[in-house]
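Data first, discussion second: the structure below is written as structure tokens.
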Amino acid sequence: MTSKQVTPPAGAVRLSKEAASAAVRPLSGVRITGGLLHHWQRRNSTATIPHTIEQLRAAGNVANLSRLLEQDPPPYRGRYPFLDTDLYKTLEGLAYELGDGSAEEGVRDFYEEVVTLLERVQAGDGYLNSFFQDPAATKKPWEDLAWGHELYNLGHLIQAAVAAHRRMGDDRLLRIARRFADLVTARFADSGVCGHPEVEMALVELFRETGERSYLDLAAAFVDRRGSGQLKHSIFPGDYFQDHVPFRELPSVTGHAVRMAYLAAGAADVLLETGDATLAEALERLWDDMVATKLYITGGLGSRHSDEAIGDRYELPSERAYSETCAAIALMQWAWRMFLATGAASYLDVFERVLYNAYAVGLSADGRAFFYDNPLQRRPDHEQRSGAEAGGEPLRRAWFGCPCCPPNIVRWMAQLADYVAAERDGAVLVAQYATARIETAELALAMETGYPWDGDVRLTVERAPQGAYGLALRVPGWARGATLTVNGESVPAEPETGWLTVERTWTAGDEVRLTLPMPVRAHGSHPYLDATRGALSLARGPLVYCVEQHDSPQAAVDDLLVGVNDATAASTRQDGLAPGAVVLDVQAHPAPPPPAELYPELPSPGTALPGTKVPATFVPYFLWGNRGPAAMRVWVRTPDTTNGKKAT
């Protein structure tokens, strides 16, 4: 029994052609059977999917297709020409549900209805878009590549089709998608690019499913064409579309956050198939810069409401964080592909942070209401949802005029098992921890854990290969002092580039236990990050915490002062907010009365902090906003220096 690393050695986890050729392979033989992720998936089946189907019917997404069968079609319903994508994203999620046998009543009927409609309304040349196929449409197909989103639509259609083919053995959507993709391959063989990246990922996946090289070539061409002057910009300048310079020359992630992350994920897919070293360098540079300067502590991406965009480096305001839910999903897609290309655990650390925070917060506890944007602070007098509204609902909504996030949540929730584990020759890599069954051709494992509420993970070998085989367990970057045992015997637990690996000849019944300590952590922010300079946030395990006014009865959340010692001394307890949920009870200082002036002259005389403290409970960020509107903070004030001493 020996320990060995399964990723390149420190300093050598850079992407390269050689690394890409030895890429980690995704693993489809995983089923989540318990714990928080299983709860999320059941909620998706029983609440979010039925609600989404209901809303898609009410909003007219289905009718937009069926009306095309009429002699004199009624008007297209909806403001945007890309609303077919919401059907496609939902179909992708339904393919997982139907393939797993977990779909609720009525799901099969909806799936069949929409697939049949798509078969009937697709044009003879393969074109498919309910907005542009309308005889009364104000624009013609391919007339407005910046905003028409026709290739974006195709991308989501392809992804639904591939899911249906793989999970259900149903090739009807695949035939529809290929007809459209073949039209696009011919139409865009030499020039043209979409204003909203997404089709790049899908075309690579279609190549993987069919072996048709032209799909991969077109995906690569779309990445290469950005910044070449082929897209006509309107409303916003070129950097909004990541189209002001070639992709490989982008100095930093920029522009519309969802577009940026989808483009990077598509480029990473091209890298995985081609080993293009120039793409590798660009992707790594963009990723590193983003993580170091442009990512919220929750994993949220995008700080500007006006154009749903990524801001400048260190421009990360809490109350105006946009952090769109779709951007969280896109970022996880990018992170996963970088992991597949390198085997590096650091990408999975970001994936995990996004999953349990920036993504999970987008859905209400009952599964029927959504956040589009995900701020890290809500002020007591907050009423507006965005700068474009006069008022607006203060918390999650049942649906949106641009409902891209809800069906995106549906499809991602349905396929979470695809991101639990991966394999490489001679080893299984456990990427995320959940109660699940992991099966490869060589090895079958049962994993049990209370993660993310506790850090105890037990893996039992159910079927073992002949000879030595590796089992690699990710040690998150936040974990300190991880321990590992095999059949009760301690194994050296010094992770190398984020992995603890045991290689041995396994026997059915062998038990591996990983313990990841989960003390409460206090986080500060970079001194250039003005919005949260001098503030503190709390985290435990992969979860970021926040305080709502509901849980601070003796002081306004804006007046809570929490020091490092207060944070790390917080007690933990289970709470009924969600199954197994752990909350943090903190003893905080009530702040002295603030000065009357908005900008008081400094230095101001120090005021001693009260000797008494007030209780406050911090809840997981993803659970905020389920008990009615109230002030909320992820970042709380830290005690000022008073009388020459730092109060903690």
- Message: If the requirement is being of a type in the set (A, V, I, L, M, F, W, C), out of contact with any helix residue (DSSP H, G or I) (no Cβ under 6 Å at 6 or more places or on another chain) and closer than 30 Å to THR501 by Cβ, which of these qualifies: LEU272, LEU295?
- Response: LEU295
- May I ask you to list pairs of residues, at least six apart or on different chains, whose Cβ atoms are under 9 Å apart, with the first in the range 311-323 being farther than 9 Å from ASP373 by Cα and not assigned by TED's automatic domain parsing to the domain that holds GLY299 and the second being surrounded by fewer than 24 Cβ atoms within 10 Å (Cβ to Cβ) and of a type outside the set (S, T, N, Q)? none
- Within the range 629-641, restricting attention to residues that are under 16 Å from VAL564 (Cβ atoms) and outside any loop (DSSP other than H, G, I, E, B), which residue is modelled with the lowest pLDDT? THR641
- Message: Can you list residue pairs whose Cβ atoms sit under 6 Å apart, with the first residue in the range 351-369 being farther than 12 Å from PRO542 by Cα and the second being among the charged types (D, E, K, R) and part of a helix (DSSP H, G or I)? Count only pairs 6 or more apart in sequence or on different chains.
- Response: GLY367/ARG43
- Among the residues of the range 98-105, is any under 24 Å from MET201 (Cα atoms), among the small types (Gly, Ala, Ser) and assigned to a helix (DSSP H, G or I)? yes
- Condition check for GLN466: at pLDDT 95 or above and either assigned by TED's automatic domain parsing to the domain that holds ALA47 or of a type in the set (S, T, N, Q) (or both): no
- Query: Restricting the first residue to the range 613-635 and requiring it to be more than 17 Å from SER537 (Cβ to Cβ), which pairs with a second residue that is part of a helix (DSSP H, G or I) and polar (S, T, N, Q) meet a Cβ separation below 7 Å and a spacing of at least six or different chains?
  - Reply: ALA630/GLN549
- Members of the range 293-333 found to be farther than 18 Å from ALA531 by Cα and in a loop (DSSP other than H, G, I, E, B), listed by number: SER306, ASP307, GLU308, GLU324
- Query: Hey, any hits in the range 450-465 for a residue that's farther than 21 Å from ASN357 by Cβ, without any contact (Cβ under 8 Å) to a residue 12 or more places away in the chain and part of a loop (DSSP other than H, G, I, E, B)?
  - Reply: no
- Going through the range 489-518 in order, the residues found to be in a loop (DSSP other than H, G, I, E, B), under 20 Å from GLY467 (Cα atoms) and under 33 Å from the mean Cα position of the chain (by Cα) are none
- Message: Please determine whether any residue of the range 160-171 is among the charged types (D, E, K, R), within 15 Å of LEU128 (Cβ to Cβ) and over 23 Å from the mean Cα position of the chain (by Cα).
- Response: no
- Message: I'd like to verify a number: residues in the range 581-628 that are under 29 Å from the mean Cα position of the chain (by Cα) and either at pLDDT below 90 or over 30 Å from SER364 (Cα atoms) (or both), how many?
- Response: 1
- Subset of the range 486-497 (residues that are surrounded by 12 or more Cβ atoms within 10 Å (Cβ to Cβ) and modelled with pLDDT under 95): VAL491, ALA493, PRO495, GLU496, THR497
- Determine which single condition TYR111 fails, assuming it passes every other condition in (1) crowded, with 17+ Cβ neighbours inside 10 Å; (2) part of a loop (DSSP other than H, G, I, E, B); (3) without any contact (Cβ under 8 Å) to a residue 40 or more places away in the chain. (2)
- Message: Looking at ALA186, ALA163 in this structure, which one is small (Gly, Ala, Ser), closer than 19 Å to TYR96 by Cβ and assigned to a helix (DSSP H, G or I)?
- Response: ALA163
- Item | Every residue from the range 188-204 that is of a type outside the set (A, V, I, L, M), surrounded by fewer than 21 Cβ atoms within 10 Å (Cβ to Cβ) and in contact (Cβ under 8 Å) with a residue 12 or more places away in the chain | PHE188, SER191, GLY192
- Mind listing whichever residues of the range 435-444 are touching a residue at least 24 places away in the same chain (Cβ under 8 Å) and either closer than 26 Å to VAL520 by Cα or among the aliphatic types (A, V, I, L, M) (or both)? THR435, ALA436, ILE438, LEU443
- Item | Some residue of the range 231-249 being farther than 22 Å from CYS326 by Cβ and buried (at least 20 other Cβ atoms within 10 Å of the Cβ) | no
- Of all residues in the range 551-605, how many are assigned to a loop (DSSP other than H, G, I, E, B) and of a type in the set (Val, Ile, Thr)? 1
- Message: Among the residues in the range 120-138, are any surrounded by 15 or more Cβ atoms within 10 Å (Cβ to Cβ), over 26 Å from the mean Cα position of the chain (by Cα) and not in a loop (DSSP other than H, G, I, E, B)?
- Response: yes
- Message: Just to check your reading of the model, which residue among HIS244, HIS233 is touching an Asp or Glu at 6+ places or on another chain (Cβ under 8 Å), at negative phi and part of a loop (DSSP other than H, G, I, E, B)?
- Response: HIS233
- When both residues are 6+ apart or on different chains and their Cβ atoms are under 9 Å apart, which pairs have a first residue that lies in the range 524-540 and is free of Cβ contacts under 8 Å to residues at least 24 places away in the same chain and at negative phi, and a second that is hydrophobic (A, V, I, L, M, F, W, C) and not in a strand (DSSP E or B)? GLY524/VAL564
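The values are calculated or read from the model by the stated rules, or taken from the named source; none is laboratory data. A quick note: this is a predicted structure, and the numbers were derived from the prediction, not measured. Neighbour counts are summed over all protein chains in view; Cβ atoms, including those assigned to glycine, are modelled from backbone coordinates with ideal geometry.
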